[in-house]
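Structure first, then comments.
All of the numbers you see were taken from the coordinates with simple rules; none came from a lab. All figures in this text were calculated on a predicted structure; none of them were measured in a lab. With ideal geometry, Cβ positions are generated from the backbone for all residues, glycine too; neighbour counts draw on all protein chains shown.
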There are 2 protein chains.
Amino acid sequence: MELDFSKLDGLLPAVIQDYATGRVLMVGFMNDEAFRKTVESGFATFYSRSRNKLWMKGESSGHRLAVKEITTDCDQDSVLVRVEALGPGVCHNGYHSCFYRRLDNGQWVESEARTYDPAAVYGGKP
Amino acid sequence: MELDFSKLDGLLPAVIQDYATGRVLMVGFMNDEAFRKTVESGFATFYSRSRNKLWMKGESSGHRLAVKEITTDCDQDSVLVRVEALGPGVCHNGYHSCFYRRLDNGQWVESEARTYDPAAVYGGKP
């Protein structure tokens, strides 16, 4: 399972895609340990750059990402994880996907509605 | 068009997705200039970390990526670019997508056939 973590100081980008719909849900970063945890647990696990620790997505919200397939690219310096997303949304801001803002004439505009109330899930914490 | 390039020393990951099929084709990195060129030209343009310069994907192969839609995520530190991929394949190794290796019992295995001969397109150069 040799991946190239050297280009980003021990990390690589992990693209999370909905297995059923093909929608890209989020991009996170994994270090070697996070990648191994993802494979072993069957749930996407990342390395938080802001908190400097591993986090299994959904550990507080319950909105976990059940791994269906993992692929890597030609340079083995990124991974694509196709998942079944548990719960109403992946984004901690209340949206189905983190990619809810579209570029429109030079401005980022919200292009969809929230699918859940983040305050009810996260208790007001970001 | 404020994006957060600060977390990766001036870069952010750009996920390239086929607009028609939803397939994730590659992950590249953009700096602010590459992002602006992408928007202005309508063709995905990256910053090469190995060559330390901008490159428009397809400038040598002709396999350019025509931008259909750009979205950004909640933290505005990554972008998702949905494209029409011109030519038979995006990967310089001859595959339709760079993500042609699937994790299977702890081993990366090629999960699809080449769609073109990279030697004929790139003249044997990687």
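Residue by residue along B:2-10, Cβ atoms of other protein chains within 10 Å of the local Cβ number 2 on average. A point 7 Å from Cα along Cα→Cβ stands in for B:Lys53, and the other copies hold the same point at 4.5 nm, listed in rising order.
Taking the Cα centre as origin and putting +1 on Lys and Arg beta-carbons and -1 on Asp and Glu beta-carbons, what dipole magnitude results for the protein assembly as shown, to the nearest 20 debye? It works out to roughly 0 debye.
Sorted from shortest to longest, the distances between the A:Gln107 label points of this copy and the other copies are 5.5 nm, with each point 7 Å from Cα along the line through the beta carbon. Taken about its Cα centre, the range A:3-126 carries a charge dipole of roughly 400 debye when the Cβ of each Lys and Arg holds +1 and the Cβ of each Asp and Glu holds -1. Residue by residue along A:71-83, Cβ atoms of other protein chains within 10 Å of the local Cβ number 6 on average. Distances between copies of B:Lys7, taken at a point 7 Å out from Cα along the Cα→Cβ vector and listed shortest first: 1.7 nm. For B:Ser97, the amide hydrogen comes within under 5 Å of the amide hydrogens of B:Val90, B:Cys91, counting only partners 5 or more places away or on other chains and with H modelled in the peptide plane. In order along the range B:97-103, the Karplus-derived 3J(HN,Hα) couplings, from 6.51 cos²θ - 1.76 cosθ + 1.60 at θ = phi - 60°, round to 10, 5, 8, 10, 10, 10, 6 Hz, and Gly and Pro are given as x.
Residue by residue, the range A:107-117 carries 3J(HN,Hα) couplings of 10, 7, 10, 5, 10, 7, 8, 5, 10, 7, 8 Hz when phi is fed to the Karplus relation 6.51 cos²θ - 1.76 cosθ + 1.60 (θ = phi - 60°); x denotes Gly or Pro. Relative to the longest principal axis of the Cα atoms of chain A, the long axis of helix A:32-41 makes an angle of roughly 70 degrees. Couplings 3J(HN,Hα) of the range A:69-85, computed from phi: 7, 10, 10, 10, 9, 4, 8, 6, 10, 7, 10, 10, 10, 8, 9, 9, 8 Hz, in residue order, whole Hz [Karplus 6.51 cos²θ - 1.76 cosθ + 1.60, θ = phi - 60°; x for Gly and Pro]. Among chain B residues, the one whose Cβ is nearest the axis of the rotation from B to A, given with its distance rounded to whole Å, is B:Gly22, 1. The H on the amide N of A:Asp4, modeled in the peptide plane, is under 5 Å from the matching H of A:Asp77, each at least 5 residues off or on a different chain. Distant-in-sequence amide contacts of B:Leu25, defined by a placed amide H-H separation under 5 Å and a gap of 5 or more residues or a different chain, comprise B:Ile16, B:Gln17, B:Asp18.
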